[in-house]
Amino acid sequence: MSSTLGVARPDQADYMLRAAAGEAGRAYKQWLLDLMNVQEGHAVLDVGCGPGTDLPALAERVGDGGTVIGVDRDQDMLAQARACTAGLRRVEIREGDAHALPVAAGTMDRAKIDRVLMHVAEPADVLAQLHRATRPGARIGLAEPDWDTLIVDAEDLGTSRAFTRYTTAEVVRHATVGRSLARLAERAGFRVEAVHATAPVFRDVHEADHTLGLGRNLQKAIDEGHIDRVRGRDWFAGLSQGPFYASFTLVSVVCSR
């Protein structure tokens, strides 16, 4: 496993698609879509739609009379989302920032934002944009990790804890936004209807390395002086020796306007 230490970040679209295709990804997405109660004829907004992972499922639910709008600011993501939905006439792909959504006020029946708030400049401002874009009675689905709850089993518990601290403090902009979703949603003017937490479990060290960035983020932590080089490399090498376990908490919230 040492050959993956410090590798570059994987292709972002591939990363998102693999995360969504896993058992944990499918489960929380299904819960979110079911409670959003997307129906035929609805106008649905997917903020930070990425490569279009969820757009076909949303399009199926809105039927021929509805509209699904996917918004992203990344050109590669937009291109892949357009390719993913090329045969779906009721899907629109729009370039735009989550802080200034390219939709008219009060026009969306449903909206979702999935693992995006942890990266934006101001999560509260993005939720205010969602409130502006949605109609009274709309339902909104939110999902974000809480990276403070990341745990990686290893005999060297101190380095495991140091890795989590580094991930929370240095790697992810808003690493604990998952636990704050309900509070932030209420402050934005939404009514929280349901809160759901899951703990995706990784038993395969290579899948965990890809999804959680074990090798690439450990190398950064070593380079920046947060983790001792020898101790960090020993910790990383030991992860592939014997049964492996890692997990974190993913929080999903469904609210109404």
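Scanning region 102-113 for residues that are crowded, with 16+ Cβ neighbours inside 10 Å and either in a loop (DSSP other than H, G, I, E, B) or at pLDDT below 95 (or both) yields a count of 1. Figure legend. Inter-residue proximity from region 25-39: first residues closer than 17 Å to residue 201 by Cβ, second residues of a type in the set (Lys, Arg), beta-carbon distance below 8 Å, spacing 6+ or different chains. No pairs are indicated.
For the residues 130, 142, 157, 150, the requirement of being within 13 Å of the chain's Cα centre (by Cα) and of a type in the set (A, V, I, L, M) singles out 142. Taken over region 207-239, the criterion of being exposed (fewer than 14 other Cβ atoms within 10 Å of the Cβ) and touching a helix residue (DSSP H, G or I) at 6+ places or on another chain (Cβ under 8 Å) is satisfied by 224, 229, 237. A single member of 246, 143, 199, 138 is over 22 Å from residue 111 (Cβ atoms) and touching an Asp or Glu at 6+ places or on another chain (Cβ under 8 Å), and it is 246. Return yes or no: is residue 121 under 23 Å from residue 97 (Cβ atoms) and surrounded by fewer than 14 Cβ atoms within 10 Å (Cβ to Cβ)? Taking the combined requirement at face value, the residue satisfies it. With surrounded by 15 or more Cβ atoms within 10 Å (Cβ to Cβ) and either among the hydroxyl-bearing types (Ser, Thr, Tyr) or outside any strand (DSSP E or B) (or both) as the only criterion, which of 150, 181 stands out? The match here is 181.
Quick check on region 83-101: of everything there that is basic (Lys, Arg) and in contact (Cβ under 8 Å) with a residue 24 or more places away in the chain, which residue is surrounded by the fewest Cβ atoms within 10 Å (Cβ to Cβ)? Taking the candidates together, the pick is 94.
Before we move on, is residue 246 touching a residue at least 60 places away in the same chain (Cβ under 8 Å), of a type in the set (A, V, I, L, M, F, W, C) and surrounded by fewer than 17 Cβ atoms within 10 Å (Cβ to Cβ)? So residue 246 does not fit the description; no. Taken over region 221-237, the criterion of being part of a helix (DSSP H, G or I) and farther than 18 Å from residue 156 by Cβ is satisfied by 223 alone. Residues that are assigned to a strand (DSSP E or B) and touching a residue at least 24 places away in the same chain (Cβ under 8 Å): does region 115-131 have at least one? No. Selection of region 55-101 for residues being in a loop (DSSP other than H, G, I, E, B) and under 21 Å from the mean Cα position of the chain (by Cα) yields 73, 74, 85, 96, 98, 99, 101.
The values are calculated or read from the model by the stated rules, or taken from the named source; none is laboratory data. All values derive from a computational prediction rather than experimental measurement. When we count neighbours, we look across all protein chains shown, and the Cβ atoms used for this are built from the backbone with ideal geometry, even at glycine.
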